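The values are calculated or read from the model by the stated rules, or taken from the named source; none is laboratory data. This structure is a prediction, so every number in the text was calculated from the model and none was measured. Ideal geometry is used to build each Cβ from the backbone, glycine not excepted, and the neighbour counts take in all protein chains shown. Ligands, DNA and RNA are excluded from the accessible area calculation, which covers all protein heavy atoms including side chains. Shrake-Rupley method; radii C 1.70, N 1.55, O 1.52, S 1.80 Å.
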There are 2 protein chains.
Amino acid sequence: MLSIEIELPPPRTTAERRRDVLAKLAEGVDIWVASADSSGRAHLIPLSFYWDGERLTVATPVNSVTGRNITRAGCARMALGPTRDVVVFEGPVEVIPVEEDNDLASAHAAAAGFDTRGSQGSWIFARMTPQRIQAWREVNELEKRDIMLDGRWLA
Amino acid sequence: MLSIEIELPPPRTTAERRRDVLAKLAEGVDIWVASADSSGRAHLIPLSFYWDGERLTVATPVNSVTGRNITRAGCARMALGPTRDVVVFEGPVEVIPVEEDNDLASAHAAAAGFDTRGSQGSWIFARMTPQRIQAWREVNELEKRDIMLDGRWLA
């Protein structure tokens, strides 16, 4: 069997990963959102997001699968890609009807490129305050992939 | 408010999406795997995959969150990115201990770039037979995003 050795770049430090994650959050538009219903059936969809410096906000119709799952569970798992430059976010999620926070609606519209207030039907914002963030590229970064725990950035 | 109009390419036909999805499956290495536990807590992680022409196989330690969730639920939702070129797969998932199918282990190793048989601990293959596949790029492709339903490619 032919074996090919690929030289990986050295693993990034925690501080480097934090810097890269904040850059992704500032630039990014879409995030993968995984949620589940009470029977443990998983859903997964990409949604546009807005990052306010501490919290991730996505918008979804109140009656969509993601909207129903997050309203029920009050939590979700979100991830930025690509799959070889992963950032995973976990934390509680607040559900806010879009008509109840006009400032958030404006900020989300500017970041996401569409305005929920002009969209058909009832929409909600799902706003996660990450408690845990993990960041890794290749297998040599799996160790030390936690860069936030209990809501605190690790040094 | 400044409004910017971006010209999107015309939506792909069902046949074009199918061709693009099969190319992604042939070339791709990693897929997002969403699963959930019995309380409806979602998990999400990228895993290397092997596509045999009809089924998607990923490997995971039997005691990982994904391993436990899929063993319990017998289903998952998987997605190929990036987030503006999405393919979503849903279907039942068989769980196969890696030592029980040596041909599958070899094929997975060749596609995924690592051999579960040399990995520490007990590993399983989770093999999905997609029943529903959706493919879209931008908002103008949300309509007609189903390209497989009930296990059949749509025309």
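If a residue must be away from chain B (no Cβ under 12 Å) and of a type in the set (S, T, N, Q), how many such residues does the range A:45-60 contain? Residues meeting the conditions: 2. Annotation note: Cβ proximity below 6 Å between a residue of the range B:3-31 that is at pLDDT 95 or above and a residue that is open to solvent by 40 Å² or more (accessible area, probe 1.4 Å) and in a helix (DSSP H, G or I) (sequence gap 6+ or interchain) occurs for B:Pro11/B:Asn140.
Look at the range B:61-89 and say how many of its residues are at the interface with another protein chain (Cβ under 8 Å from one of its Cβ atoms) and acidic (Asp, Glu).
Residues of the range B:61-89 that are at the interface with another protein chain (Cβ under 8 Å from one of its Cβ atoms), as a first pass: B:69, B:72-73, B:75-79, B:81-84, B:86, B:88.
Then keep just the ones that are acidic (Asp, Glu); that gives none.
Within the range B:61-89, residues that are at the interface with another protein chain (Cβ under 8 Å from one of its Cβ atoms) and acidic (Asp, Glu) number 0.
Just the residues that are in a strand (DSSP E or B), open to solvent by less than 20 Å² (accessible area, probe 1.4 Å) and facing chain B (nearest Cβ under 7 Å), please, taken from the range A:29-44. Outline the logic, then answer.
Initial filter on the range A:29-44 (in a strand (DSSP E or B)): A:30-36, A:42-44.
In the following step, the residues that additionally are open to solvent by less than 20 Å² (accessible area, probe 1.4 Å) were identified as A:31-36, A:42, A:44.
A:Trp32, A:Ala34, A:Ser35, A:Ala36, A:Ala42, A:Leu44 - these are the residues of the range A:29-44 that are in a strand (DSSP E or B), open to solvent by less than 20 Å² (accessible area, probe 1.4 Å) and facing chain B (nearest Cβ under 7 Å).
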